[in-house]
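> Pasting a structure below so you can have a look.
Throughout, read-outs are computed from the coordinates displayed, never taken from laboratory work. None of the values given here were measured: they were computed from a predicted structure. Cβ coordinates were reconstructed from backbone atoms using ideal geometry, including for glycine residues, and neighbour counts include every protein chain displayed.
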Amino acid sequence: MKPIVVHKYGGSSVADIEKIQKVAAKVVDAAAAGYGMVVVVSAMGKTTDGLLQMARQIAPEPPRRELDMLLSVGERITMSLLSMAIHRLGYEAISFTGSQSGIVTTDSHSNARIIEVRPFRIQDELARNRIVIVAGYQGTSYKREITTLGRGGSDTTAIALAAALEAERVEIYSDVDGVYSADPRIVPEARRLDEVDIDEMLTLSRSGAKVMAGDALEYARKHGIAIYAKSTWEPSSPGTVIRKDLCIEDRRFTAVSGKKDVMFVQFREAVDVSREADLFQCLNAIGAQDVLPFMSHVSLEGNRGASFLYSLENFHNRDSFRARVQEMFGKSVEIRDDIGTVTLVGAGVSEDRESHARVTAFLEEHRTLIRQVFVNPLGVTMLVASSDVDHLVRDTHALFIAAQWAEK
């Protein structure tokens with residue numbers, strides 16, 4: 001049996017026919033080198049955004065089941081075209097939807113999670129020396145319903161398949177050549193990182209970094225899979241390796257990320273969250289769409305207060321969500337979507353006394369911008385106005401990441 005390699009190509013890599021043909025050539029080269037190839041694809045370019053726009057022209061908050069039926073079409077277009085392109089190059093290929101690939105999910109439309117993978121058809125086709133193309137971002141629930149995995153779900157598809165197939169490695173291709181210390185569009189002096197610990201990468205992803213989906217990283221961490229993040233168009237770049245238990249002793253801070261598409265939900269003192277009934281009511285209302293917060297804080301000191309941060313990427317019914325929560329809690333809850341976050345990630349946030357003191361001084365210096373601070377062992381997240389995100393990302397990168405480079 002040939003060693004199996006899983007490739008995943010994002011929407012920018014397959015944005016048009018010419019790019020699909022170039023990806024086909026890249027896949028064929030890997031197959032010619034002796035690998036069994038499984039290729040996971042996203043929808044072409046902005047196809048998903050276009051489909052969402054059409055849906056909202058009909059219904060501002062479309063039914064989530066029907067939205068899954070619609071959005072799953074994008075990846076199916078790409079998989080079919082790529083399979084045709086590979087055939088044109090003289091290699092046998094076959095395309096599968098998520099359900100045909102054996103991806104079984106929960107029944108949560110628009111934000112399903114993978115329960116198990118039954119890759120029998122993929123294994124059969126690999127045994128026939130065919131290249132297998134899989135539509136990412138989708139699966140089928142235990143009720144036989146088509147489901148989607150949320151934004152970035154194609155990453156999760158690729159890593160789940162790599163685990164189920166015991167692949168040699170999984171390579172995630174996009175239009176950037178790896179993980180950077182900050183978004184180069186905001187911080188031009190940001191540098192590519194050769195390696196990133198998977199827990200740090202998960203913190204970065206949850207707080208705004210677009211290179212890798214959070215659910216995919218959780219799956220990789222659970223199954224011990226190393227991820228190679230590479231550029232589709234720059235083969236000479238080694239990219240970034242993301243793996244578990246990485247220790248770089250001379251790096252106290254790894255990267256800074258900013259996120260503007262945030263919904264901030266804060267329960268004020270009028271809601272006593274120390275009372276079990278009130279706390280359950282808060283959490284039940286917040287979880288009404290099966291969309292989990294990427295950050296939260298419930299303060300039992302003084303018996304009052306709770307804050308939740310949500311990414312708006314998977315919030316297809318935000319207006320009804322807002323109306324429901326405000327109906328239940330009235331003036332005791334504040335909901336805002338003009339809020340953003342800036343997150344500094346690195347072991348130095350909590351493990352190094354000197355670095356911790358520097359972070360504390362930085363927070364004090366910028367207290368007029370920062371509304372709230374969330375701290376975990378690998379990161380400190382600052383809640384600010386959306387308009388202040390880029391400015392604070394640049395300041396944070398300069399004072400922690402760039403200063404760290406200067407010390408070496």
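> With +1 on the Cβ of every Lys and Arg and -1 on the Cβ of every Asp and Glu, and nothing else charged, how large is the dipole of the chain about its Cα centre, in debye rounded to the nearest 20?
840
> How big is Rg to Rh over the chain, alpha-carbon atoms, Rh as the Kirkwood inverse-mean-distance radius? Don't skip to the end; give the middle numbers.
Numbers: Rg = 22.0 Å, Rh = 22.4 Å.
Expressed as Rg/Rh, it is 0.98.
> Along Cα→Cβ, 7 Å out, is where each label goes; now give me the distance between the ones at residue 365 and residue 16 in nm to one decimal.
Between residue 365 and residue 16, the simple spin-label model gives 4.5 nm.
> For region 4-175, how big is Rg over Rh, using alpha carbon atoms and the Kirkwood form of Rh?
That ratio equals 0.97.
> Okay, moving on. Note down the Stokes-Einstein diffusion coefficient of region 305-408 in µm²/s, whole number, using a Kirkwood radius over alpha carbon pairs, 20 °C, and 1.002 mPa s. Could you put the intermediate results ahead of the total?
Working: Rh = 15.6 Å.
This corresponds to a translational diffusion coefficient of 137 µm²/s.
> Turning to a different aspect of this structure: Within the set of other residues whose C-beta is less than 13 Å from the C-beta of residue 114, count the net charge using Lys and Arg as +1 and Asp and Glu as -1.
That works out to -2.
> Starting from the Cα-Cα distance between residue 53 and residue 32, subtract it from 0.36 nm times their residue separation and give me the gain in nm to one decimal.
3.5 nm
> Something else about it: Using a 7 Å offset from the Cα along the Cα-to-Cβ direction at both residue 323 and residue 46, what is the distance between the two label points in nm, to one decimal?
Calculated label separation equals 2.9 nm.
> Just to be sure I understand: of the beta bridges DSSP finds with both ends in the chain, what percent are antiparallel, rounded to 5?
60
> Another question, if that's okay. Lys and Arg at +1, Asp and Glu at -1: add these up for the other residues within a Cβ distance under 12 Å of residue 92 and post the number.
+2
> Taking the alpha-carbon distance from residue 8 and a cut-off under 25 Å, which lysines remain once sequence neighbours fewer than 8 residues away in the same chain are dropped?
Here the lysines satisfying the reach criterion relative to residue 8 are 19, 22, 26, 46, 210, 222, 230, 244, 259.
> Same structure again: At 7 Å along Cα-to-Cβ for each site, give me the label-to-label distance between residue 387 and residue 66 in nm.
3.8
> Hand me the GluC sites (Glu not before Pro) from region 115-223 located in a DSSP loop with no more than 12 other Cβ atoms within 10 Å, in residue order please.
Passing sites in region 115-223 are 166.
> Using helices alone, what [θ] at 222 nm do you get for the chain, with -39,500 (n - 2.57) per DSSP H run of 4 or more residues, divided over all residues and rounded to the nearest 500?
-11000 deg cm²/dmol
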